[in-house]
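The values are calculated or read from the model by the stated rules, or taken from the named source; none is laboratory data. The structure displayed is predicted, hence computed values, not measured ones. Backbone-built Cβ (ideal geometry, glycine too); neighbour counts: all protein chains shown. Side chains included, ligands, DNA and RNA excluded: accessible areas come from the protein's heavy atoms. Shrake-Rupley method; radii C 1.70, N 1.55, O 1.52, S 1.80 Å.
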Amino acid sequence: RAARSLRSQFLALEGRLDEAVAEARKALAATHDDAASTHHLNLAVVLQRAGDATEALEQVRAGLAAATADEPIGPDVLRLLFVAAALLDPIDRKRALATTEAAEAVLDVLRLRIGDAADRIGFDDADRHREMAATLVQRRLDADDALGALATADRHRARSLVHATRKPAEQGLGSSQGKRPPPPGPDADLHEQVGYVAQLAQAQLAGAGIPPPASGPVLANLVASAGRTALVLHPNADRLIAILARPDGSQVNVTALQASASMTEIAELTDALRAELGIVVSARAARGELPEQHVEDLAAALTDDDSVEEADAELDRLRRRLHDAVLADVLPLLEPDEPLVIVPYRELAVIPFPVLTETSGASMVDRHPLSMLPSLATLATLA
């Protein structure tokens, strides 16, 4: 079975899709119940590559039924949901959104089984999980649900912090087994199977004492109570999404914008600016990662008048370019001196926002009182 499954994957990579499908079918036919979900998943992936979305979705349905029959939620369930969401997106965006939401809940369950807090954060940092977050943010925006996009973006910052406070002994996933929801019938369709997976995941999280993530309305109330405009920055595929939440009395207006600059450009500008400011060099020198001679040579160069003048010109250029790449479309929506809470994510967290400079020469810290938060949900703890 394993050999046929692996062979089908190699055939698919070579573009020999008919042969790949045939091998995947043989692997599934020879499998036992304890491995059925894995081989349904493999066949679904190969059918997806072959362009047969209808049967691929049927294999996903069968795989989910097999994976949740007796065993706790496992990695196969997450992969099956990923495949289903990708297949559904062109034909039924509402169900694609629901499937991705179910995948988020499953991701939370799988994270809880990781005993070390640092490993859990690394788990979140996996490319496929970051891609899921970006996809769900975009699907919510496509559905004109900016508040939902805000909640999704914030969730992927806050969940690692929430879970990092849980000790393995406190997680007790087994305690939720008595609350297992009734499974769907044998004729249940894919939509019902996905709904059951979401319920099962939520039951396991509740049994582990993990609270549900903050919803969009809850976050809006936190922003309104704080009385400060919040800017949540989220990498979305190759572009930056900026979600602005502005208090207006008891209401909060949420606006989502896409930056014109690519994430690659923003990352390059960030690295260059931090190097120009000496942040990277200083940090490495403090950790003893740079030879002493290198640090002395750098200090000598910075005392040279010509070097300082050139460095100042380059620094000004980088401050303006990074400002335009990240904030140029957002700041016109703000009033002068309006307080701003910035909630970055991953590589965006190392941007030195206070020194970014507008074309007029005014820096961010001159125009707006700035605060930084790891997530909007942190406002509840601060309160």
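Could you give the length gained by full extension between residue 360 and residue 316, i.e. 0.36 nm per residue of separation minus their alpha carbon distance, to one decimal place?
Full extension of this stretch gives 14.7 nm more.
Can you give the net charge of the other residues whose Cβ lies under 15 Å from the Cβ of residue 362, counting K and R as +1 and D and E as -1? Write down the numbers at each step before the final one.
Values: positive: 319, 320, 367; negative: 316, 324, 335, 337, 338, 358, 366.
In short, -4.
Quick one: which of 147-155, 209-217 comes out on top by average Cβ neighbours within 10 Å, and what's the full order, highest first?
Most protected by this proxy first, the peptides run 147-155, 209-217.
At a Förster radius of 56 Å, what calculated FRET efficiency corresponds to the Cβ-Cβ distance of residue 53 and residue 218, to the nearest 0.05?
FRET efficiency, residue 53 to residue 218: 0.95.
How many angstrom lie between the C-alpha centres of region 104-142 and region 76-103?
If you average the Cα positions of each part, the centres end up 15 Å apart.
Work out how far the C-alpha atoms of region 336-383 reach from end to end along every principal axis, then list the three figures in whole Å, largest first.
Largest to smallest, the principal-axis extents are 37, 25, 9 Å.
Is the shape of region 8-145 rounded, prolate or oblate, going by the alpha carbon gyration tensor and its root eigenvalues a ≥ b ≥ c, with a/c under 1.5 for rounded and a/b larger than b/c for prolate? Spell out each step's value before the answer.
Numbers: a/c = 1.80, a/b = 1.28, b/c = 1.40.
Oblate is the answer for region 8-145, as a/c is 1.5 or above yet b/c matches or exceeds a/b.
Using a ≥ b ≥ c from the Cα gyration tensor of region 33-88 (square roots of the eigenvalues), is it rounded, prolate or oblate, where a/c under 1.5 gives rounded and otherwise the larger of a/b and b/c decides, a/b for prolate?
prolate
What is the sum of charges around residue 18, taking Lys and Arg as +1, Asp and Glu as -1, for the other residues whose C-beta is under 14 Å from the C-beta of residue 18? It would help to have the intermediate numbers written out before the result.
Details: positive: 7, 16, 25, 26, 49; negative: 14, 19, 23, 52, 55.
Spelling it out: positives minus negatives among the neighbours equals 0.
Pull up all non-local amide H partners of residue 239: gap of 5 or more, or a different chain, and H-to-H distance under 5 Å with H placed in the peptide plane.
Result for residue 239 returns 263.
Please give the charge dipole size of region 19-64, origin at the Cα centre, charges +1 on K and R Cβ atoms and -1 on D and E Cβ atoms. Round to the nearest 20 debye.
Working: 4 positive and 7 negative charges, 12 e Å.
That gives region 19-64 a dipole magnitude of about 60 debye.
Can you sort 241, 91 by 1.4 Å-probe accessible area, starting with the largest?
91, 241
Can you work out the FRET efficiency for the pair residue 92 and residue 113, with r the C-beta to C-beta distance and R0 = 25 Å, to the nearest 0.05?
My answer for the efficiency is 0.20.
Would you please put 342-350, 7-15 in order of how densely packed they are, using the mean number of other Cβ atoms within 10 angstrom per residue and starting with the highest?
Answer by packing, highest mean first, reads 342-350, 7-15.
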